[in-house]
1. Let me have the relative contact order for the chain, percent, based on Cα pairs under 8 Å that are six or more residues apart.
2. Give me the accessible area per residue for the chain, probe 1.4 Å, as a whole number in Å².
3. Could you give the length gained by full extension between residue 63 and residue 11, i.e. 0.36 nm per residue of separation minus their alpha carbon distance, to one decimal place?
4. Restricting attention to segment 39-73, which GluC sites (Glu not before Pro) occupy a DSSP loop and are surrounded by at most 15 other Cβ atoms within 10 Å?
5. If r is the Cβ-Cβ distance from residue 53 to residue 74 and R0 is 30 Å, what FRET efficiency results, to the nearest 0.05?
6. Between the DSSP loop rule and a limit of at most 16 other Cβ atoms within 10 Å, which chymotrypsin sites (Phe, Trp or Tyr not before Pro) in the chain are left?
7. Enumerate the calculated ³J(HN,Hα) couplings along segment 48-60 in order (Karplus 6.51 cos²θ - 1.76 cosθ + 1.60, θ = phi - 60°), each rounded to whole Hz, writing x wherever the residue is Gly or Pro.
8. Report, largest value first, the span of the C-alpha coordinates of segment 2-76 along each principal axis, in whole Å.
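The values are calculated or read from the model by the stated rules, or taken from the named source; none is laboratory data. Note that the structure is predicted; figures quoted are calculated from it, not measured. Don't worry about glycine lacking a Cβ; one is built from the backbone with ideal geometry, like all the others, and counts go over all protein chains shown. For accessibility, only protein heavy atoms count, side chains too; no ligands or nucleic acids. Shrake-Rupley method; radii C 1.70, N 1.55, O 1.52, S 1.80 Å.
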Amino acid sequence: MMVREIEKTGIPVVHVVSMTPISLSGGVNRILTSYGIPNPMSDPYATPQVQERQRYEIMEKALEVLCTDIQEQTVFDH
């Protein structure tokens, strides 16, 4: 996984995914759950205004997760 290769260089990464078992089996450290496979950053059935807010909230949460000190693989909910 590309995430693991980036983390090996010392750069922390947040993996935003809808299928957390794949990230867990791949050894990703910081996993943030997303909305779904076809549209991970927002609900595809929501209005454009709601989708914009959801994307903002996911990015905000990803930055929070990035700054969180962890000792092992951790899954965060959006």
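1. Contact order relative to length: 32 percent.
2. 66 Å²
3. Gain in length upon complete extension: 17.4 nm.
4. The qualifying sites are 72.
5. 0.75
6. Listed in order of number, the matching sites are 45.
7. Here the 3J(HN,Hα) series is x, 5, 5, 4, 4, 5, 5, 4, 4, 5, 5, 5, 4 Hz.
8. That works out to 39, 23, 17 Å along the principal axes.
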